[in-house]
Amino acid sequence: MKKTMIAVSAVLLLAGFAIAAGSGGTPDEAKALVEKAVALIQSDGRDRAFAAFNDPKGAFVMKDLYIFVVDMQGNILAHGANAALIGKNLMGLKDMMGKRIIKDMLDMAGKSPEGWIDYKWMNPVTQAIGDKSTYYRKAGDILVCCGVYR
């Protein structure tokens, strides 16, 4: 009986990982979420929009996707997955390979008001370093962003 319970638990655990791994957001969904977020900023203003982005159970967090907002100095203004980052300057944030994620994204935004930045990041589902891409769109003097694991 004990071995059966352990085996069932292991199968359920593995099934949970498989479901979680297969339920990640797509690049199209990330881009659509950013577009929806920019529209909310334009219609309701930053304060109301940022409050919506920061709600981990709200409309701007789906699957493993969430909105974060960064100003042109690298300060996090909103973050749907980690409220502790709000108000922090992440200009020096580097990926596992030393790539300056926020700095490079801000540099890219100076050349193109929207785009993708690729980097290496720990996937919370697999616990492995993997490829991640973040879509950004400039909205005035801020970037509205959403990342997706590939």
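The values are calculated or read from the model by the stated rules, or taken from the named source; none is laboratory data. The structure displayed is predicted, hence computed values, not measured ones. Every residue, glycine among them, receives a Cβ derived from its backbone with ideal geometry; neighbour counts consider all protein chains shown. SASA here: full protein model, heavy atoms, side chains in, ligands and nucleic acids out. Shrake-Rupley method; radii C 1.70, N 1.55, O 1.52, S 1.80 Å.
Between LYS31 and LYS88, the contour length at 0.36 nm per residue exceeds the Cα-Cα span by 18.1 nm.
Here the relative contact order of the chain, from alpha carbon pairs under 8 Å that lie six or more residues apart, stands at 22 percent. Helix 101-111: angle to the longest alpha-carbon principal axis of the chain, degrees 0 to 90, nearest 10? Compared with the principal axis, the helix lies near 40 degrees.
Among the lysines of the chain, pairs that are 8 or more positions apart or on different chains and have alpha carbons within less than 12 Å of each other number 5.
Of PRO124, PRO56, PRO113, which is the most mobile in a GNM of the chain whose springs link Cα atoms less than 10 angstrom apart? Judging by the Gaussian network model, the answer is PRO124. Each other residue within a Cβ distance under 9 Å of GLY130 adds +1 if Lys or Arg and -1 if Asp or Glu, for a net charge of +2. Separation of the stretch 40-114 and the stretch 118-139, taken as the distance between their Cα centroids, equals 13 angstrom.
Return the carbon/sulfur percentage of the accessible area of the stretch 41-102, one whole number, probe 1.4 Å, all protein chains in place.
Carbon plus sulfur share of accessible area: 53 percent.
Across all Cα pairs in the stretch 27-86, the calculated P(r) in 10 Å bins from zero up to the longest distance comes to 25, 58, 17 percent per bin.
Ranking of GLU29, GLU114 by solvent-accessible surface, largest first: GLU114, GLU29 (1.4 Å probe, protein heavy atoms only, all chains present). Ordered by 1.4 Å accessible area with all protein chains kept, TRP121, TRP116 run largest first as TRP116, TRP121.
Summing Cβ point charges (Lys, Arg +1; Asp, Glu -1) relative to the Cα centre of the chain gives a dipole of roughly 480 debye.
Give the value in nm², to one decimal: projected area of the alpha carbon convex hull of the chain, averaged over all directions.
Taking a quarter of the hull surface, the average projection is 10.0 nm².
Taken over the C-alpha atoms, the stretch 97-150 has Rg and Dmax values of 11.8, 36 angstrom.
The length gained on full extension between GLN73 and SER23, counted as 0.36 nm times the residue separation minus their Cα-Cα distance, comes to 14.7 nm.
Solvent-accessible surface of the chain, averaged per residue with a 1.4 angstrom probe and all protein chains in place: 56 square angstrom.
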